[in-house]
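Below: the structure, in structure tokens.
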């Protein structure tokens with residue numbers, strides 16, 4: 001699987017300063033030459049969401065590192081072999097947990113988005129990017 005670099009992140013989130021700060025605060029982030037390394041586009045998107053929430057002061061890097069460590073620990077307790085290929089699954093779990101803990105989203109919203117994503121994946125032709133449009137997810141936020 002090819003890697004997706006930081007250039008895949010939307011502007012202005014893909015700033016060198018924000019990325020460097022994230023890597024310094026959470027050294028377990030897979031990176032090379034001070035840039036995060038992703039195995040799939042969704043990993044870069046999850047990374048970008050965390051940066052965006054941090055930049056909006058929803059949480060500190062210390063809080064994020066703690067929530068991420070808890071997610072990794074929980075996964076290990078459930079049998080995750082911790083060989084590196086599940087890191088961003090833990091990142092996503094931590095993102096969901098902190099979004100709920102900070103009141104940024106509600107459980108039904110996260111469940112609805114997960115279902116909308118699942119439906120989009122099922123209806124997207126093989127080899128095409130999966131897109132979750134506002135139209136497909138707008139019913140979640142009425």
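The values are calculated or read from the model by the stated rules, or taken from the named source; none is laboratory data. Computed from a predicted model, the values in this text were never measured in an experiment. For neighbour counting, all protein chains shown are included, and Cβ atoms are generated from backbone atoms with ideal geometry for every residue, glycine included.
In this structure, is residue 44 under 30 Å from residue 17 (Cβ atoms), touching a strand residue (DSSP E or B) at 6+ places or on another chain (Cβ under 6 Å) and part of a helix (DSSP H, G or I)?
yes
Considering only residues that are in contact with a strand residue (DSSP E or B) (Cβ under 9 Å, 6 or more places away or on another chain), loosely packed, with under 15 Cβ neighbours inside 10 Å and at pLDDT below 70, look in segment 6-41 and name the one that is farthest from residue 128 (Cα to Cα).
Among residues in segment 6-41 that are in contact with a strand residue (DSSP E or B) (Cβ under 9 Å, 6 or more places away or on another chain), loosely packed, with under 15 Cβ neighbours inside 10 Å and at pLDDT below 70, the one farthest from residue 128 (Cα to Cα) is 16.
Condition check: under 21 Å from residue 132 (Cβ atoms), in contact with a helix residue (DSSP H, G or I) (Cβ under 7 Å, 6 or more places away or on another chain), modelled with pLDDT of 90 or more and part of a helix (DSSP H, G or I). Does residue 50 satisfy that?
yes
Cβ contacts < 6 Å: first residue on the phi < 0 side of the Ramachandran plot and assigned to a strand (DSSP E or B), restricted to segment 20-38; second residue surrounded by fewer than 16 Cβ atoms within 10 Å (Cβ to Cβ) and at pLDDT 75 or above, any location; separation 6+ or different chain. Result?
Listed pairs, sorted by first residue: 31/37.
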